[in-house]
Amino acid sequence: MKTAISLPDAVFHAAERQARRMQKSRSRMYADALSEYLSRHSPDEVTEAMNHVVDQVSPGPDAFVSAAAQSVLARSEW
């Protein structure tokens with residue numbers, strides 16, 4: 001997808017320098033930066049994705065872990 005954006009001159013020049021240092025195209029640099037920004041500002045989506053993965057790989061409650069947790073809780077002072 002192509003799009004046009006407006007940037008302050010200082011931001012544009014700093015991004016150009018960084019792209020050259022990282023040996024990335026300007027498009028790749030902006031796409032990576034926007035992806036990182038979105039992941040940082042959409043924590044619910046990240047949490048949902050992680051929960052989905054855990055649900056797929058988790059075999060369910062572990063009997064040993066449950067028993068150990070109950071034992072610790074029984075000895076804890078509330």
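The alpha carbons of the range 9-75 stretch over 63, 27, 21 Å along the principal axes, in descending order. For the charge dipole of the range 9-75, defined by +1 on Lys and Arg C-beta atoms and -1 on Asp and Glu C-beta atoms about the Cα centroid, which residue among HIS52, HIS41, HIS13 has the Cα displaced farthest towards the positive pole? It is HIS13.
Bear in mind these aren't lab numbers, they're just calculated from the coordinates by the rules spelled out. Being a predicted model, the structure only gives us computed values, none of them experimental. So basically every Cβ, Gly included, is an ideal-geometry build from the backbone, and we count neighbours across all protein chains shown.
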